[in-house]
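Input: a single structure, listed below in structure tokens.
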Amino acid sequence: MSRALEVTRARLTRRTRCLILSAGLMLLTTPRLLAQLETHPLPPRSKPAGTTLFTELTAMQTGIVATNNYDDHPRMWGELYRELMFGAMGTGVAVGDFDNDGRVDVVVVSKTETSWLFRNRGDWRFEDVTSAAGLGGGKAGGGLLGGIFGGDDGKALKPWEQGAAFADVNNDGWLDLYVCRYGAPNRLYVNQGNGTFKEEAATRGLAVVDGSGMGVFSDYDRDGWLDAYVQTNMIDYAKYPDGRRDYLFHNNGDGTFTNVTDRAGIRGSTSGHSATWWDYDGDGWSDLYVANDFAPPDQLYLNNGDGTFSDVINTTVPYMPHYAMGAASADVNNDGLPDLLVADMAATSHEKDQRSMAGSRIRGQKHDESSPVPPQYMHNALYLNTGTGRMLEASGLWGVRATDWTWSVRFEDFDNDGRVDLHVTNGMNREYHGADLLERIMISENPAEPVRIMQESPMLHETNLAFRNTGNMRFESVGAEWGLAHHGVSFGAATADFDGDGDLDLVYGNYQKGVSIYRNDSALGSRLIVALRGSVSNRFGVGATVRIETTAGIQVRRIQPTRGYLSTSEPVAHFGLGDTKRVARLIVHWPIGTEQVYEDLPVNQRLVITEDSGAKTITIPPAPTPWFTESSVKLNASVPAVERAMVEPNGQPLS
């Protein structure tokens, strides 16, 4: 047995005992605990505008007017063509209550134009406060970020913007904003608590200059302060064809950061599209999955609990996606263990597959059987957590093996039936894998022709997809039925309860279009929203786990706002409860290791739970003596089982 697997199993055993011992630490009858629970009944639900679960709201209705026109043509179709195509394509959105008025606000990232901050004024009306907040020029231009690159005419060109993350980096209770840029210093806008921001990335240590895609925040060392992982992709394709290395920054306890990448064991080149914090082994320490496009294998960093990480991908998953894109973690089968979906680009129809991905499989899907690295296959991977340190891959079983050219994946219980559903965004600015298009490029003679041919070809419009979790190890496609079958090119997506009615609404960005906003008009199912306020842990409880127990079973949610692709969701735990009327038990496991337990709670409300600063950190007892020991060698019964790996067929593209 590998050392990583031994450590994981020991941690899982200790974690189980830890939960048993901690269940009686604090009960609802404790007056101090009662004082730390705020309950807010939910207002009436939004009324459906039609027969679908979601209603798309227009820019005229919401006031959210933001374009994303990708108008930096000299560089996008010139010297930076490969960098854009291979890595820096998408943009994200970020949602969070930046002014603490109880309503969730929206940041919409635009690649080359103005990025926007919209304040939620209630009743689905939003106000552009970009200029007033000190983030740029608003509708008059200028955007969140000032340009530093010079164009051919000497005029400054605005750096490409990528992902946006709301995170309280200085633990003052106000959400700050971190924006990643391509080839220019990332920006950290520190919330001043009066509706304005001040840019302080350089002074706080986060002004990374690289092919930065997204800043992903979590308290990996459990000291009560949010640390930052900066996921990167291409910056110079000729010099770094396998991408760049990522960065891990430790929060010094005052909102400033130190680069600890080497010290922490974060290594290797990445062509990342997403990085996902999750606690896959259930030991209370945040682990990290990095999804890499093209050749570099994905990475699964096991948190060793001492400030270092070990990449255990080889001993944890059976195989990986080849074109890994967005990723999201959730408990898809309600067994209490976090699962993970990593998206690829597998086509949803045989015709599309033969037109595009079949050729890619022949050219790029190779595997050395002698390599310890799991093979990479060109389809999604749904990793089911077994609780043993090993994952099972079940995307085919669950019906989500292929979702087209996917960017964002979002798990949430959209219909409030107690099971997490799935939404994905799709599309691309061109069909780079199209067989006919590639043939035209191959026979072109002028060196400038390939780029011209690609630029003049049509966009790859695809349909976004939604899947309902049926509860029997299956996701059912319901995009049209739910009103989410948008056709176009969509990138980063986020969820939030914009109208406060207890169900999750949806927002995502688009290529060459404005942002899409959907109101959730779910009329059935009880629901519960849980927001956390840390007093020893980080202020918004990022990295905390909320577990509920009802007559229908258990549900587990992790407060992890940065999920999917280049985007940040509202930092809350949402539970759909179906016909359930009471929650028998609610357990909050805080990031620093303490727990709070509440019993017999009504549903259809928003709970705000403040961390008990006087609670004792749970001490994990030593691992018990195992019942069985490995004795095959001692008994002369060690017979190796030699099996040949069965690779997927590459030589028959029509299969």
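The values are calculated or read from the model by the stated rules, or taken from the named source; none is laboratory data. Just so it is clear, the structure is predicted and the values come from calculations on it, not from any experiment. Please note: Cβ atoms are built from the backbone with ideal geometry, for glycine as well, and neighbour counts cover all protein chains shown. Just the protein is used for accessible areas: all its heavy atoms, side chains included, with ligands, DNA and RNA removed. Shrake-Rupley method; radii C 1.70, N 1.55, O 1.52, S 1.80 Å.
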- Item | Criterion violated by R263 - all others in (1) open to solvent by 10 Å² or more (accessible area, probe 1.4 Å); (2) over 25 Å from A88 (Cβ atoms); (3) out of contact with any helix residue (DSSP H, G or I) (no Cβ under 9 Å at 6 or more places or on another chain); (4) in a loop (DSSP other than H, G, I, E, B) satisfied | (4)
- Message: For the range 189-242: of the residues being hydroxyl-bearing (S, T, Y) and assigned to a loop (DSSP other than H, G, I, E, B), which is surrounded by the fewest Cβ atoms within 10 Å (Cβ to Cβ)?
- Response: T196
- Inside the range 235-290, can you point out the residues that are hydroxyl-bearing (S, T, Y) and under 23 Å from P185 (Cα atoms)? Y237, Y240, Y247, T256, T258, T261, S269, T270, S271, S274, T276
- When (1) of a type in the set (G, A, S); (2) over 17 Å from A343 (Cα atoms); (3) modelled with pLDDT under 95 are applied to S360, the one that fails is (2)
- Query: Got a number for residues in the range 578-594 being open to solvent by 10 Å² or more (accessible area, probe 1.4 Å), in a strand (DSSP E or B) and in contact (Cβ under 8 Å) with a residue 40 or more places away in the chain?
  - Reply: 3
- Mind counting the residues in the range 325-353 that are hydroxyl-bearing (S, T, Y) and open to solvent by less than 30 Å² (accessible area, probe 1.4 Å)? 1
- Test for G509: is it surrounded by fewer than 20 Cβ atoms within 10 Å (Cβ to Cβ) and either in a loop (DSSP other than H, G, I, E, B) or of a type outside the set (F, W, Y) (or both): no
- Note on the structure: For the range 423-451 the number of residues that are at pLDDT 90 or above and touching a Lys or Arg at 6+ places or on another chain (Cβ under 7 Å) is 1
- Residue hits (the range 254-292; of a type in the set (V, I, T) and free of Cβ contacts under 8 Å to residues at least 24 places away in the same chain) are T261
- Note on the structure: From the option list A531, A523, single residue qualifying as aliphatic (A, V, I, L, M), at pLDDT 95 or above and closer than 19 Å to D413 by Cβ is A531
- Query: Restricted to the range 595-650, and to residues that are of a type in the set (D, E) and either touching a Gly at 6+ places or on another chain (Cβ under 6 Å) or in a loop (DSSP other than H, G, I, E, B) (or both), which residue is modelled with the lowest pLDDT?
  - Reply: E648
- Query: How many residues does the range 62-101 hold that are out of contact with any strand residue (DSSP E or B) (no Cβ under 8 Å at 6 or more places or on another chain), outside any loop (DSSP other than H, G, I, E, B) and either of a type in the set (G, A, S) or surrounded by 14 or more Cβ atoms within 10 Å (Cβ to Cβ) (or both)?
  - Reply: 6
- Message: Looking at T386, T316, can you tell me which residue is closer than 30 Å to G418 by Cβ and open to solvent by 50 Å² or more (accessible area, probe 1.4 Å)?
- Response: T386
- Select from the range 452-471 the residues that are outside any loop (DSSP other than H, G, I, E, B), free of Cβ contacts under 8 Å to residues at least 60 places away in the same chain and either open to solvent by 30 Å² or more (accessible area, probe 1.4 Å) or touching a His at 6+ places or on another chain (Cβ under 8 Å) (or both) and list them in ascending order. R452, E456, E462, T463, A466, R468
- Determine if the range 478-486 includes at least one residue that is assigned to a strand (DSSP E or B) and either open to solvent by 50 Å² or more (accessible area, probe 1.4 Å) or touching a residue at least 40 places away in the same chain (Cβ under 8 Å) (or both). no
- Among what's in the range 559-577 and is hydrophobic (A, V, I, L, M, F, W, C), under 21 Å from the mean Cα position of the chain (by Cα) and not in a loop (DSSP other than H, G, I, E, B), pick the residue that is nearest to W277 (Cα to Cα). A573
